[in-house]
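Below you'll find the structure, written out as structure tokens, and then a few comments.
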């Protein structure tokens, strides 16, 4: 049975690995010499690096550049399929972490790749499948499923607190008092560090953190209240604005 290390050591530019992970599993911080496309056939993963956290529900994938240290938390059982890409294999591969839409076509190609030998023959059908996967990664739609985290240590501590307890009711002024600045100063810090206001960051973060709970079978009402929304309708409206469909339709499509 092949391992992550086997894929890293392959002499071919692309390798693939199938692995299954149980609800609640935590893959500790690590890195690879190759870039990775980490895809969930089912369940939800939260992938965290120094740049932030990426929520990866079924039907999506996260691109992790070479040597980027990251950890993965599993919510609901996850069938993970990972593509390992040698650095420099393509000029159009993302230089930073990104969540991508995985088309049915790309999904089937990824699944097929896990059955291809690590040392596939040059100029063979197997090589063409791997090259096709690289074509699809370069052109796959990018998604905004990113919980951005700031570099400023004071702001980072506040954001980490809100990520740990997304249901907490808090105002910008209350947070500002915790780090001994004015509300106006903290608002500027959010825009400077994260490119968005406090309210937008909090709404987006709460929504993305709710995906693992929805995948685990919690009701929309329960998830809405756990993540700081006043009602299921407010949660559903934010969900639709961000992901394009209401929670019930989104889950039914997975």
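Just so you know, all these numbers are worked out from the coordinates, no wet-lab data involved. The structure presented is a predicted model; accordingly, all values stated were derived computationally and were not measured. Positions of Cβ are generated from backbone atoms using ideal geometry, with glycine treated the same way; all protein chains shown enter the neighbour counts.
Let me see the pair-distance distribution of the chain: every alpha carbon pair, 5 Å bin width, integer percents in order.
Using 5 Å bins, I get a P(r) of 1, 6, 13, 17, 17, 15, 12, 9, 6, 3, 1, 1, 0 for the chain.
Relative to the compact globular guide of 2.2 N^0.38 Å, what is the alpha carbon radius of gyration of the stretch 79-148, as a ratio?
Normalised Cα radius of gyration, the stretch 79-148: 1.16.
Quick one: angle between helix 183-194 and the longest Cα principal axis of the chain, in degrees between 0 and 90, rounded to 10, please.
The angle comes out at about 10 degrees.
If you find the alpha carbon centre of the stretch 204-254 and of the stretch 6-49, how far apart are they in angstrom?
That distance is 26 Å.
How large, in Å, is the stretch 74-196 by the Kirkwood hydrodynamic radius built from its alpha-carbon pairs?
18.3 Å
Starting from one equal scatterer on each C-alpha and no solvent at all, send me the Debye-based log10 I(q)/I(0) for the stretch 4-143 at q = 0.11, 0.16, 0.19 Å⁻¹, two decimals.
With no solvent term, the Cα-only Debye profile gives -0.34, -0.76, -1.11.
Please determine, in degrees from 0 to 90 and to the nearest 10, the orientation of helix 198-215 with respect to the longest principal axis defined by the Cα atoms of the chain, where the helix direction is its Cα long axis.
50 degrees
I'd like the orientation of helix 153-164 relative to the chain: the angle between its Cα long axis and the longest Cα principal axis, in ° from 0 to 90, rounded to 10.
It is inclined by approximately 80 degrees.
Can you figure out the FRET efficiency of residue 192 with residue 248, using R₀ = 41 Å and their beta-carbon distance, to the nearest 0.05?
The value I calculate is 0.65.
Would you list the P(r) distribution for the stretch 150-252, with all Cα-Cα distances sorted into 10 Å bins from 0 and each bin expressed as a whole %?
Result returned by the calculation: 15, 45, 27, 12, 1.
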